[in-house]
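Student: Encoded as structure tokens, here's the structure I'll be asking about.
The values are calculated or read from the model by the stated rules, or taken from the named source; none is laboratory data. The model shown is predicted, which means the values in this text are computed figures rather than measured ones. Positions of Cβ are backbone-derived with ideal geometry, glycine not excepted, and every protein chain shown enters the neighbour counts. Ligands, DNA and RNA are stripped out before the accessible areas are found, and what is left, the full protein with its side chains, is counted by its heavy atoms. Shrake-Rupley method; radii C 1.70, N 1.55, O 1.52, S 1.80 Å.
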Amino acid sequence: MTSERPHLAVIGAGPAGLAATVAAASHGVRVTLVDASAEAGGQFYRQPAAELRARRPQALHHGWRTWELLRDELRTHVRAGLVRHLSDHHVWCVERRRTAAGAGPGFTVHALLGPEQQDPAEVRADAVLLATGGYEKVLPFPGWTLPGVVTAGGAQAMLKGTLTVGGRTAVVAGTGPLLLPVATGLAAAGVDVAALVESAAPKAFVRRARALAAEPGKVAEGARYAAELLGHRVRLLAGHTVVEAHGAERLEAVTVAALDPDGRVRPGTGRRIPCDTLAVGHGMLPHTDLAETLGCRLDGPDVHADDEQRTDVPGVWAAGETTGIGGAALALAEGHIAGRSAAARLHGTEPDPDEWAAATRTRTRLRAFFAALDAVHAPPAHWTEQVTDDTVVCRCEEVTGGEIRAAVKDLGAADLRTVKLLTRAGMGWCQGRVCGPAVAGLTGCGSTASRRPFARPVPLGVLARAGETEDLEWNP
Amino acid sequence: MRSPRDLADARPGPAFTVTLDGREIEALPGQTVAAALWTAGITSWRTTRGAGRPRGVFCGIGVCFDCLVTVNDRPNQRACLVPLNPGDAIRTQEGTGHDE
């Protein structure tokens, strides 16, 4: 009788998507979990490829017990025929489908298969839940395009997923809570971590002490990382920033310098640290492409979601970092709430929020904590002063800081779209995902939703035949 | 020196051979193009269209498209996403990968 159950498509198999899938399936909904990776887990629980046969993958992870519980529950539901897990499915668009009057909304999830992402697949569902996570923000500085400079999350993804590191000596730099696990992970894996360079000064933490102390578990987590770094003899340079990455064909060293209380580099404080890897990040941004194509309202960079994690588009839920950056524990809580709400509403009943009161409390607490943390970890106020006119800002189209400034100063551009049209910044492969925040900062134009029509490049042949493919067979 | 594979106690199957610009390098089952190249000590495998500058892995998760490479004559494959098979021929990619 499974075919008569309502059908929810969950996009993304990270913490939020897994929690949502398990919650919805436990409450009588058929779930198709669509995910780009070969293994479930998302970025936080990223698994080494199965063929690497890692016997102790937990050595690279945090919160392993929670992952095991989620993974086992997912497997149970898959075996029972309530959930199908479509791995290696890269979703490029979710489309609202016209249905017979009174039949409620319907959706078609368009995906591309496998690593080559050439062949299409479509999933039709009664509702969708977006758990598309986030990606790292990196602000430019001279030398950041050199091979050997990677995002902090990228270094971690390569470590967790492929059990490889890019070199022998690393500097981890930027700002944000991600830097701690990245530095400890690299050090544990045998990399000599020469320094952890965090632009936030200790004073910034003191100013938010009350809000941060309200989450003692998180404070203890931070302290454990700090102790581990100490054990690996990693130098912590707080209130410092990377000014330049040096090298000809690849990274050879970085120059770091102290920041003054206004967020400007203090002259004369620069010091050169030899390294072959720089793992750098300045916080995270939510993935909102699919929500945008569906017409969901955004609040700033985040997908707007109500108390039940519903977007303002009927039939579309959103959970986890796509609704605001806040870590795995918050994503789990939001995913749970979204899955429960979707299950109730797909059965045509009014959900009772009392049934997920604990998750609601967790969500409230963690959102407050991450708002405080976000304030502490703001990038240096005057970071744009470090972007020289010949620094490449848009990595794909090789557009420099000077060209972007000239678009505003000499050509009169007053918004990001015009800057893009005049300079090509953001028109390349990544569609401005990497340079977006930098171009906004350099031009003073302010970030705007980019409204990309598709979440990833799509072969024209696939685009031409979209909607003609049969729904993927589900044989429980 | 301790390696990530030691840390995770990985016991992969036997290594196989792929080529980078005709030169043989070893890869392990389950490794992506980027992972095999990093293991071989190689961090750049393409040059940019404009200035011809070297590039390799940047985001590691398929967002940035910096690690593009030619695999079995197909250009513009993201090295951080594509898994390797025995005998695969990787070529460093110059520019768009279409003008070679």
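Student: Could you list, in sequence order, the residues of the range A:453-476 that are surrounded by fewer than 16 Cβ atoms within 10 Å (Cβ to Cβ) and charged (D, E, K, R)?
Tutor: Result: A:Arg465, A:Glu468, A:Glu470, A:Asp471, A:Glu473.
Student: Hey, could you check the range A:1-22 for residues that are polar (S, T, N, Q) and open to solvent by 10 Å² or more (accessible area, probe 1.4 Å) and say which is modelled with the highest pLDDT? Explain how you work it out, then say what you get.
Tutor: Keep residues of the range A:1-22 that are polar (S, T, N, Q), which gives A:2-3, A:21.
Those left that are additionally open to solvent by 10 Å² or more (accessible area, probe 1.4 Å): A:2-3.
Details: A:Thr2: 44, A:Ser3: 52.
Top of the filtered list is A:Ser3.
Student: In this structure, does B:Thr48 turn out to be of a type in the set (S, T, N, Q), surrounded by fewer than 22 Cβ atoms within 10 Å (Cβ to Cβ) and facing chain A (nearest Cβ under 7 Å)? Steps first, answer last, please.
Tutor: Details: of a type in the set (S, T, N, Q): yes; surrounded by fewer than 22 Cβ atoms within 10 Å (Cβ to Cβ): yes; facing chain A (nearest Cβ under 7 Å): yes.
It is true that B:Thr48 is of a type in the set (S, T, N, Q), surrounded by fewer than 22 Cβ atoms within 10 Å (Cβ to Cβ) and facing chain A (nearest Cβ under 7 Å).
Student: Can you confirm whether A:Ala59 is within 13 Å of another protein chain (Cβ to nearest Cβ), closer than 30 Å to B:Arg5 by Cα and over 20 Å from the mean Cα position of the chain (by Cα)?
Tutor: yes
Student: So the check is Cβ under 9 Å with 6+ separation or different chains; which pairs have a first residue in the range A:33-45 that's assigned by TED's automatic domain parsing to the domain that holds A:Leu290 and a second one that's part of a loop (DSSP other than H, G, I, E, B) and of a type in the set (Val, Ile, Thr)?
Tutor: Filtered contacts from the range A:33-45: A:Gln43/B:Ile61.
Student: Right, next: Please go through the range A:26-56 and give me each residue that is among the acidic types (Asp, Glu) and within 7 Å of chain B (Cβ to nearest Cβ), ordered by number. Give the steps one after another, and end with the answer.
Tutor: Initially, the range A:26-56 is screened for residues among the acidic types (Asp, Glu), giving A:35, A:39, A:51.
Matches in the range A:26-56: A:Glu51 only.
Student: Just a yes or no: is a residue in the range A:415-434 out of contact with any strand residue (DSSP E or B) (no Cβ under 9 Å at 6 or more places or on another chain), open to solvent by 20 Å² or more (accessible area, probe 1.4 Å) and within 12 Å of chain B (Cβ to nearest Cβ)?
Tutor: The answer is yes, given that some residue of the range A:415-434 is out of contact with any strand residue (DSSP E or B) (no Cβ under 9 Å at 6 or more places or on another chain), open to solvent by 20 Å² or more (accessible area, probe 1.4 Å) and within 12 Å of chain B (Cβ to nearest Cβ).
Student: Looking at the range A:52-73, I want the residues that are more than 28 Å from B:Thr39 (Cα to Cα) and in the same structural domain as A:Pro15 (by TED's automatic domain parsing) and have a partner that is β-branched (Val, Ile, Thr) and open to solvent by less than 70 Å² (accessible area, probe 1.4 Å) with Cβ atoms under 7 Å, at least 6 apart or on another chain. Which pairs are those?
Tutor: Final answer for the pair search is A:Leu70/A:Val22; A:Glu73/A:Val22.
Student: Another one. Please return the ranges of strands (runs of 3 or more DSSP E) entirely within the range A:240-284 where 1 or more residues are more than 12 Å from every other protein chain (Cβ to nearest Cβ).
Tutor: Working: elements: A:240-246, A:253-258, A:271-274, A:277-281.
Here the list reads A:240-246, A:253-258, A:271-274.
Student: Moving on. Would you check which residues across the range A:388-407 are crowded, with 18+ Cβ neighbours inside 10 Å and either within 14 Å of chain B (Cβ to nearest Cβ) or at pLDDT below 95 (or both) and list them?
Tutor: Residues of the range A:388-407 that are crowded, with 18+ Cβ neighbours inside 10 Å, as a first pass: A:391-401, A:403-405, A:407.
Within the range A:388-407, A:Thr391, A:Val392, A:Val393, A:Cys394, A:Arg395, A:Cys396, A:Glu397, A:Glu398, A:Val399, A:Thr400, A:Glu403 meet the criteria.
Student: Looking at the range B:5-33, which of its residues are facing chain A (nearest Cβ under 7 Å), on the phi < 0 side of the Ramachandran plot and buried (at least 17 other Cβ atoms within 10 Å of the Cβ)? Reasoning before the result, please.
Tutor: Step one: of the range B:5-33, the residues facing chain A (nearest Cβ under 7 Å) are B:5, B:7-13, B:28-32.
In the following step, the residues that additionally are on the phi < 0 side of the Ramachandran plot were identified as B:5, B:7-8, B:10-13, B:28-29, B:31-32.
Scanning the range B:5-33 gives B:Arg5, B:Leu7, B:Ala8, B:Ala10, B:Pro12, B:Leu28, B:Pro29, B:Gln31, B:Thr32.
Student: Could you pull out every one of the strands (runs of 3 or more DSSP E) wholly within the range A:141-217 that has 1 or more residues that are polar (S, T, N, Q) and within 12 Å of chain B (Cβ to nearest Cβ)? Before you say what the answer is, go through the steps one by one.
Tutor: On the way: elements: A:149-151, A:169-174, A:192-198.
Because the criterion is at least 1 residues that are polar (S, T, N, Q) and within 12 Å of chain B (Cβ to nearest Cβ), the strands (runs of 3 or more DSSP E) in the range A:141-217 that meet it are A:149-151, A:169-174.
Student: Separate question: If you check A:Lys218 against the conditions, is it under 27 Å from A:Arg264 (Cβ atoms), in contact with a helix residue (DSSP H, G or I) (Cβ under 9 Å, 6 or more places away or on another chain) and open to solvent by 10 Å² or more (accessible area, probe 1.4 Å)?
Tutor: On the way: under 27 Å from A:Arg264 (Cβ atoms): no; in contact with a helix residue (DSSP H, G or I) (Cβ under 9 Å, 6 or more places away or on another chain): yes; open to solvent by 10 Å² or more (accessible area, probe 1.4 Å): yes.
No.
Student: Looking at the range A:371-476, what helices (runs of 4 or more DSSP H) fall wholly within it and have at least 2 residues that are without any contact (Cβ under 8 Å) to a residue 24 or more places away in the chain? So that I can check it myself, show each step before the final result.
Tutor: Numbers: elements: A:401-409, A:416-423, A:436-443, A:460-465.
By residue number, A:401-409, A:416-423, A:460-465.
Student: Filter the range B:51-78 for residues that are closer than 17 Å to B:Gly22 by Cα and part of a loop (DSSP other than H, G, I, E, B) and give the result. Steps first, answer last, please.
Tutor: We begin by selecting, within the range B:51-78, every residue closer than 17 Å to B:Gly22 by Cα; these are B:69-75.
Once the filter is applied, which keeps residues that are closer than 17 Å to B:Gly22 by Cα and part of a loop (DSSP other than H, G, I, E, B), the range B:51-78 yields B:Asn72, B:Asp73.
Student: Give the residue that is farthest from the other protein chains (Cβ to nearest Cβ), with candidates limited to residues of the range A:435-446 that are surrounded by fewer than 23 Cβ atoms within 10 Å (Cβ to Cβ) and more than 15 Å from A:Glu136 (Cα to Cα). Before you say what the answer is, go through the steps one by one.
Tutor: Initially, the range A:435-446 is screened for residues surrounded by fewer than 23 Cβ atoms within 10 Å (Cβ to Cβ), giving A:436-437, A:440-441, A:443-446.
If we keep only those that are more than 15 Å from A:Glu136 (Cα to Cα) too, we end up with A:440-441, A:443-446.
Details: A:Ala440: 17, A:Gly441: 18, A:Thr443: 21, A:Gly444: 24, A:Cys445: 22, A:Gly446: 22 Å.
For the range A:435-446, the residue satisfying everything is A:Gly444.
Student: So, one more: Return yes when A:Ser26 is more than 28 Å from B:Ala27 (Cα to Cα) and among the hydroxyl-bearing types (Ser, Thr, Tyr) and no when it is not.
Tutor: Working: more than 28 Å from B:Ala27 (Cα to Cα): yes; among the hydroxyl-bearing types (Ser, Thr, Tyr): yes.
Here the answer is yes, as A:Ser26 does meet what is asked.
The rows are residues; the columns are (1) within 23 Å of A:Ala19 (Cα to Cα); (2) open to solvent by 10 Å² or more (accessible area, probe 1.4 Å).
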| residue | (1), (2) |
| --- | --- |
| A:Leu130 | yes, no |
| A:Gly134 | yes, yes |
| A:Lys137 | no, yes |
| A:Pro140 | no, no |
| A:Thr145 | no, yes |
| A:Thr151 | no, no |
| A:Gly154 | no, no |
| A:Val165 | no, yes |
| A:Arg168 | no, yes |
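Student: Look at the range B:34-45 and say how many of its residues are more than 7 Å from every other protein chain (Cβ to nearest Cβ) and open to solvent by 30 Å² or more (accessible area, probe 1.4 Å).
Tutor: 2
Student: List every residue pair whose Cβ atoms lie under 8 Å apart, where the two residues are 6 or more positions apart in sequence or sit on different chains, the first residue falls within the range A:114-137 and is free of Cβ contacts under 8 Å to residues at least 60 places away in the same chain, and the second residue, located anywhere, is of a type in the set (S, T, N, Q).
Tutor: Pairs that qualify, where the first residue is free of Cβ contacts under 8 Å to residues at least 60 places away in the same chain and the partner is of a type in the set (S, T, N, Q), are A:Pro115/B:Gln77; A:Glu116/B:Gln77.
Student: Can you tell me which of A:Arg345, A:Arg272, A:Arg297 is crowded, with 17+ Cβ neighbours inside 10 Å and basic (Lys, Arg)?
Tutor: Values: A:Arg272 fails: crowded, with 17+ Cβ neighbours inside 10 Å; A:Arg297 fails: crowded, with 17+ Cβ neighbours inside 10 Å.
After applying the criteria, what remains is A:Arg345.
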